[in-house]
Each structure stands twice: as structure tokens, then as C-alpha cells.
DNA sequence: CGACAAATGCAAACATGTTTCCATTCTCAG
DNA sequence: CTGAGAATGGAAACATGTTTGCATTTGTCG
């Protein structure tokens, strides 16, 4: 209804020690995108990666038929694009502005000078990427072992980060469906079940978390 | 029926330049495992990674209820375990000997000296891990957009690597089912359809690839 | 305010995959 | 050669998710 949807900040930049981080961000260039705008497309040559200063970014893949698969929805403090950048191949995913947002572009030069200055940075990069792989393993496991309501609960908890109960997540059912990997109809049913259990309260364009602990327990079966 | 199932060698070690690779492997310790033996378990502390000298290794996760999710089936020349090793967290997956096999254990010291000697090695590690992430994205996308027969075709092509038509892949339907992420019944049906189309020929404990090109085309829809 | 688009709710027909049995075939050790 | 276990084949009942179509609600903007 009101406020933005701050999410758990993950990714490489936030793991950097404060001074180093500020220095790196200061070297980057700020760019703003409006909601729905394409930030990067699959196949693009990767010459930079991005830090999210404010707003939300959707990471996923658009199929030829208009289908969308969301791998993640990122928020302020998150980083994306390191992957292709580090791997030196073309973009593996599309990135779209989920809301009006301000990003900071970090290019080859900026990162290189950082890595030269501090070997620990490389280590950190490796660590972050390893985490990403783990994440995607978890996604695959979830999609095979968990029911739709459980996966929905998982997605909601991730989106709300460490916000306390009562947090309103600004997201449409369609977006959630793309994220969880089911149709909007199925997602609606799942929402209904979580609502019936008093864990959440669906709204128009947002979802309110009523009982995060219960969601956690629900996932664990 | 006979021969092993050589697969496309992927991973970090095979990407190293010949002399460097031989040097690294020479420093490692060879260990042999018999079929079904557990090589590493989820949660273990990661003090090393492994290079597959010969045989097959299954990478996946065992559920509490005995369910198994296979992420990959690796063969000679492949590497595994770099993930947790690099990320400095505990093992994210289980590894089981898919057949009698010989592995080479590479520990902290060996890798460190390699990284010190050649900074390009670090770059290579990053690249390899980025590829792994891409792979897992592809897996997720496939599980959402492709039919079971298509995913089966994909899995079979990956398993046979670049072997010519006629190759016999030593694998049971149950293993394939765990890999593709469906029940054995569904996998059986999918096999039947590929067979009807003349692309493969199922056997007892193996599958013969009849027309790899057709499989490729079949995946593309 | 009032129209319009976006988002949600709902239902029926349909498609796909699972589960549970059991029969059959194949391989291999003894 | 033969018995036992592993692997495959198949059928029926069931569960889950999709598709399609339309009605309803909500927010926005002129």
C-alpha cells in the first residue's frame, strides 16, 4: 500500500568492508531506470555489473512466447551481473526494473583496481558466487520436493528479508507466480491457503506478512 | 552393455593448461571408491575438492525420506567439490560413487600453491563457477518450460557428451528419473516416446543413442 | 466523479505426473 | 543351469497444476 519492499541485501558489494565499499561505489556511475525498463538482456556482452542503490530489479528469463521465469527479485543493496562479468561470457539472464530505481554501474576498470588493491576481494567474489550456486540448488530442490504453498511461503520470506511481522511486500500475484514457477491460478489458491492459516493477508498489489515464524515452520513440513 | 559411459569433461581442472594440470594432479592423492560408496555428505566441512580419474560420480541430495535429487552425473575428467571449498562453507550436496571409481583429492595446500604461482588460475576458477551457475539456471528453466521427454533428451545428450550415435549410456531408468526429476513411471513413458521416434533404444541398464541430432532438434521444440 | 486499466477471484475442462500394484524380463553369482 | 535380485513394463486411481473465460474489485488519472 505504502512503502517500498526492502529485501535482504545479498551479493558481493554488501559483503565488502565499509570503506572499500564506499570507495568502489564512488567510482561507479549512477543511472536511473523507470519501472519496466530493460536493464540488460540475455546475450548482451557483459562489460559491467550493477549495484542497486534504490528500487527493485527482477532477474529472470523471457521466453520467446512471452513466458517469464523469475529467478530472483532484488532490492536495495543487492548486486547483480557479476556472473557473466566474471565468467567473461554473455549475459545469462534478463534484468528488468521492477520499480523506478537507481543503479550504480561498476565497470571493468573499477573492479580491477579493487582486486589489485586487495587480494581478499577475489576471495570474496568466489565466496559470493559459490553462494549463488547453492541458492540455485536450493531452488531446484524446492521445486521438486515442496508443494506450491510451501514454495510460496519460501518466496515470501525471502522477499520480506528480516522485516518484522506486519511488513507489506509490494508484489503482484502474477509476479509471485513467475517467481514460484506456477500459473496465477495456482498461486492464488496457495495464497488462499496461507491466508486461511492466518500467516499472511493478501492485498491489491501487495501481501502482508502476519506470522513469519509460522511460515518458516510451514516450509519445514 | 559393455564400455563405460564417458561424459563431457567439464569443470575447473580440465580447463587448466596441460602442464599445470599434470602438476596439480601429481600433487594430489589418489583414492578409490567402490560403487555406491559415499564420497562426501551434505554438511561436511570442505577441506578438499576432487578430480575424477576414472569411473562415475553422482552429485545430488538425499532427502530424509530417502528421496534423491540428482543435479549431475559426472565422469572422468570432471571436477567437483570446488564449490564449498571455495565458498568456505559446508558441503551443499552429497556425492556418491556411481560406479567403482578412482578420484584424486586436491587439498588446500595444493590449490593455494597453484593460485600463488599463476594468477590466471583464480580467473579460471571464477569462470568455472560462473558456468556452474549458468548451468543451474538452465536446469531451472528446463524444468519449467520443457516437457519430460524434452528434459530426458537433454539429460541423455549431456550424459553421452560428444560421443557419436550408437553410444551406449550405462544408466538405469531410476537414475535417469532422479536426474530429470520425475517418477520412474513417467520416465518410462518418456523413454517410450523417444524410442518410438527412433531417437534412442532403451536397454537393460543402459540406453543407446540412435540419433543425437534428432534429440537436439526435439529439445528445441 | 467516472472511465479505464490493472489486479484479483472463481469455475470447469483438461493435461500431466504420481502412487501403488503386480507381472515380466534380464543379469549374475553360485 | 538355476534361483534370486535388479530392472523394466504396464494399468488404474488419484493428486496437482494448467488453461480458458469471465466476473469482480481496486487504484489511477483525466
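The values are calculated or read from the model by the stated rules, or taken from the named source; none is laboratory data. Fair warning: this is a prediction, and the values are worked out from it, not measured in the lab. When we count neighbours, we look across all protein chains shown, and the Cβ atoms used for this are built from the backbone with ideal geometry, even at glycine.
Is there a residue in region A:97-114 that is within 21 Å of residue B:83 (Cβ to Cβ), crowded, with 16+ Cβ neighbours inside 10 Å and within 14 Å of chain B (Cβ to nearest Cβ)? No: zero hits. In the set A:60, A:66, only one residue is under 22 Å from residue B:143 (Cα atoms), within 16 Å of DNA strand D (Cβ to nearest atom), out of contact with any strand residue (DSSP E or B) (no Cβ under 8 Å at 6 or more places or on another chain) and in the same structural domain as residue A:24 (by TED's automatic domain parsing); that residue is A:66.
Region A:42-86 holds strands (runs of 3 or more DSSP E) entirely within its bounds, and those carrying 2 or more residues that are at pLDDT 90 or above, within 14 Å of chain B (Cβ to nearest Cβ) and within 12 Å of the chain's Cα centre (by Cα) map to A:57-62, A:68-74. For region B:159-168, a tally of residues being surrounded by fewer than 19 Cβ atoms within 10 Å (Cβ to Cβ) and more than 16 Å from the chain's Cα centre (by Cα) returns 3.
Within region A:184-206, residues that are within 15 Å of residue A:165 (Cα to Cα) and touching a residue at least 24 places away in the same chain (Cβ under 8 Å) sit with their Cβ atoms under 6 Å from residues that are near DNA strand C (Cβ under 10 Å from one of its atoms) and assigned to a strand (DSSP E or B), at 6+ positions apart or across chains, in these pairs: A:200/A:207; A:206/A:170.
Residue-by-condition table, conditions (1) over 15 Å from the mean Cα position of the chain (by Cα); (2) more than 16 Å from DNA strand D (Cβ to nearest atom):
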| residue | (1), (2) |
| --- | --- |
| A:141 | yes, no |
| A:157 | no, yes |
| A:170 | no, no |
| A:191 | yes, no |
| A:219 | yes, no |
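Among the residues making up region B:87-100, those that are under 24 Å from residue B:115 (Cβ atoms) and in a loop (DSSP other than H, G, I, E, B) are B:88, B:89, B:90, B:91, B:92, B:93. Would a scan of region A:121-129 turn up a residue that is in contact with a strand residue (DSSP E or B) (Cβ under 9 Å, 6 or more places away or on another chain) and either without any contact (Cβ under 8 Å) to a residue 24 or more places away in the chain or within 13 Å of residue A:11 (Cβ to Cβ) (or both)? Yes, region A:121-129 contains at least one residue that is in contact with a strand residue (DSSP E or B) (Cβ under 9 Å, 6 or more places away or on another chain) and either without any contact (Cβ under 8 Å) to a residue 24 or more places away in the chain or within 13 Å of residue A:11 (Cβ to Cβ) (or both).
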